[in-house]
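Trainee: Provided herewith is a single structure, encoded as structure tokens, for subsequent inquiry.
The values are calculated or read from the model by the stated rules, or taken from the named source; none is laboratory data. The shown structure was predicted, so the numbers you read here are calculated from the model rather than taken from an experiment. Here Cβ is always computed from backbone atoms with ideal geometry, including for glycine, and neighbour counts include all displayed protein chains. All accessible areas refer to the heavy atoms of the entire protein, side chains included, with ligands and DNA or RNA removed. Shrake-Rupley method; radii C 1.70, N 1.55, O 1.52, S 1.80 Å.
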Amino acid sequence: MGKRKSQTPAPAAYGNDSDGSDYEVEWQVKPTPPKVTKAEQFPLPAQVAKKLEKSGRRGRKDSSSDDESLPETGEGLPTLTTAQIDAILQTIKNNKRLVLLVKNVNFSTAKEEIAEHFDQAGRVKGVRIPKHRSSGFAFVEMQNADGFQKAFLLDGSYLDGRKISVNLSESGNKKSATRIQLLEKKNAEILKLRKNNRKSVKAAEISLVPDPAKLQKKVPPPDRYLDKPKPKKLTKKEVKFVKKQKSLRAKFQNLEKKGIKA
């Protein structure tokens, strides 16, 4: 008689916990692969990555140093002297129009409010707010150079709950990229000059407080009708003398009408 073949039970297609085989459980449960980003799939070369890290560090240092040395606005700084204002106006094409660029203006702020705020410096000729604008800014034109000079003292002041910055601008609707860059350089120079003017006596004398002499009320010229001098009252003798003269004139006029010469 032949030997019986030992029949081993076929492994189940899906492992059960009752089989007691840890291998079958591990075979069924597969770990989910981690997500790989594009940067990990396509890494940059080592040299390029190092350069990017260095440039990022330099940018952070420059930005931190600029924030510490140069403030965003010239709050608390004196204005420019008259000689400095004249030198800056000579570099502007249309220097007859004294235009300023006011940044960080609230969108709900009206022209009248801006004009009233800049009236502290001098007479405002006009205010222009562009219709299509991505940020809050406006253009203020001053009447004379004195107001233009004092308007820089409003740099860093609060208008309608916002801290504004006052910068130099030029007249004209559209400005090219080169003109915008030149204006930015000029404004950077103006800020440096104002910082250097901390020790200047001439710049320190200029303030927003008006002179008391200018505040004195100017006497208007006399009016033709309202300011006529009142006639003096005549005495009795003077009244009699005037009446006699009138009567004599009347007599001579009647004689002349009759053709009789006196």
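Trainee: Just for the range 45-72: of the residues that are modelled with pLDDT under 70 and not in a helix (DSSP H, G or I), which one is surrounded by the most Cβ atoms within 10 Å (Cβ to Cβ)?
Mentor: Pro71
Trainee: If we keep just the residues of the range 161-202 that are of a type in the set (Ser, Thr, Tyr) and out of contact with any strand residue (DSSP E or B) (no Cβ under 8 Å at 6 or more places or on another chain), which is farthest from Asn95 (Cα to Cα)?
Mentor: Looking at residues that are of a type in the set (Ser, Thr, Tyr) and out of contact with any strand residue (DSSP E or B) (no Cβ under 8 Å at 6 or more places or on another chain), I get Ser200.
Trainee: Give all pairs with beta carbons closer than 7 Å in which a residue from the range 82-102 that is without any contact (Cβ under 8 Å) to a residue 12 or more places away in the chain meets a residue that is outside any helix (DSSP H, G or I); count only pairs at least 6 apart in sequence or on separate chains.
Mentor: none
Trainee: To continue, here is another question. For the range 106-123, name all the residues that are open to solvent by 30 Å² or more (accessible area, probe 1.4 Å) and within 18 Å of Lys96 (Cα to Cα).
Mentor: Residue satisfying the conditions is Arg123 alone.
Trainee: Consider only pairs whose beta carbons are under 6 Å apart and that are at least six residues apart or on different chains; among these, list those whose first residue lies in the range 138-163 and is under 17 Å from Thr109 (Cα atoms) and whose second residue is part of a helix (DSSP H, G or I).
Mentor: Ala138/Ile114; Val140/Phe118; Leu159/His117
Trainee: Between Asn197, Asn187, which is free of Cβ contacts under 8 Å to residues at least 24 places away in the same chain and not in a loop (DSSP other than H, G, I, E, B)?
Mentor: Unique residue meeting the criteria: Asn187.
Trainee: Could you tell me whether Lys240 is modelled with pLDDT of 75 or more, surrounded by 10 or more Cβ atoms within 10 Å (Cβ to Cβ) and closer than 17 Å to Ile88 by Cβ? Show your work before the answer.
Mentor: Details: modelled with pLDDT of 75 or more: yes; surrounded by 10 or more Cβ atoms within 10 Å (Cβ to Cβ): yes; closer than 17 Å to Ile88 by Cβ: no.
So Lys240 fails the test.
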